[in-house]
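Accompanying notes for the structure given below.
The values are calculated or read from the model by the stated rules, or taken from the named source; none is laboratory data. What you are looking at is a predicted structure, and each value in this text was computed from that prediction instead of being measured. Cβ placement follows ideal geometry from the backbone for every residue including glycine, while neighbour counts extend to all protein chains displayed. When the accessible area is computed, the model is the full protein with side chains, heavy atoms only, and any ligands, DNA or RNA have been set aside. Shrake-Rupley method; radii C 1.70, N 1.55, O 1.52, S 1.80 Å.
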Amino acid sequence: FSGCTSLVEAPALPATELSDSCYHLMFSGCTSLSEAPALPAKELAKNCYYEMFKGCISLEKAPALPATKLAKGCYNSMFEGCTSLKDTPVLPATELADSCYYSMFEGCTSLVEAPALPATELADSCYIGMFSGCTSLSAPPALPAEKLAEDCYAAMFKGCTSLTEAPALPATKLVYGCYWAMFKGCTSLVEAPALPATELANSCYKLMFSGCTSLEEA
């Protein structure tokens, strides 16, 4: 149904066993779609929901996502550009997969509140760009992980111009690109979090606060 701009209702999708890229781009660009179908699967597959609702500008509420076992890229760009999205699903997984939440809500300009992110075991690029361009997001979720992964928080809040506070970042051992451009362009951010790490890694803080023009305390 990609690009079906007059589609207002999606078919039921009852499958609980998914396959790689099974729903990739399924409703991408369906600009009139206002309600998403139920997605009951609890075990995901590689890129299964990749860009599924990308550009669905009439979608206000995301479907429940009950899966606790994720797969590489499973939610990659799932709601990217859904500019009317206000309600996010609960994301209960505590063990992540590479790129699992990559750009999941990028460009969701109506999103005010982020879902809780309880995971303490991260994976490479797991949160990269997750809320990038969410210009209405005013407060970040808690990020309790003390053990990081490559590019795990890269560009996570890039361009979140309403974000006034940063989450605590308790990790003491950093890895390549872990905080790269994390708060880049967050023009309302007034205070930076404590950064307790004494062992650094290549590009770990690269562009982390670039363009944070209101930052008064480091």
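Which listed residue (TYR102, CYS152, PRO11) has the Cα farthest towards the positive end of the charge dipole for the stretch 1-153, taking +1 on Lys and Arg C-beta and -1 on Asp and Glu C-beta about the Cα centre?
Sorting the options by dipole projection puts first PRO11.
Quick one: with all protein chains in place, what share of the accessible area of the stretch 1-133 is carbon or sulfur, to the nearest percent (1.4 Å probe)?
Here it works out to 48 percent.
Roughly how far apart, in whole Å, are the Cα centres of the stretch 106-130 and the stretch 1-23?
23
Give the accessible surface of the stretch 99-194 per residue, rounded to a whole number of Å², with probe radius 1.4 Å and ligands, DNA and RNA excluded.
35
May I ask you to list the residues of the stretch 40-69 whose amide nitrogen lies under 14 Å from a point 7 Å from Cα along the Cα→beta-carbon direction of LYS86?
Only 58-62 pass the distance filter.
Go through the stretch 11-50 and name the GluC sites (Glu not before Pro) that are in a DSSP coil and have 16 or fewer other Cβ atoms within 10 Å of their Cβ.
For GluC sites (Glu not before Pro) across the stretch 11-50 that sit outside H, G, I, E and B with at most 16 neighbouring Cβ atoms in 10 Å, the list reads GLU35.
For the stretch 1-151, please report how many Lys pairs fall under 12 Å Cα to Cα, leaving out neighbours fewer than 8 apart on the same chain.
4
Please report the net charge: other residues with Cβ closer than 15 Å to the Cβ of SER210, K and R +1, D and E -1.
+3
Could you bin all the Cα-Cα distances of the stretch 1-127 into 5 Å bins starting at 0 and give me the percent of pairs in each, rounded to whole numbers?
2, 12, 23, 27, 20, 12, 3, 1, 0
Would you mind classifying the stretch 63-218 by shape? Square roots of the alpha carbon gyration tensor eigenvalues, ordered a ≥ b ≥ c; an a/c under 1.5 is rounded, otherwise it is prolate if a/b is larger than b/c and oblate if not.
It comes out oblate by the Cα gyration axes.
State the extension gain, in nm to one decimal, for the chain segment bounded by VAL190 and THR68, taking 0.36 nm per residue of separation less the distance between their alpha-carbons.
Gain on extension, VAL190 to THR68, equals 40.4 nm.
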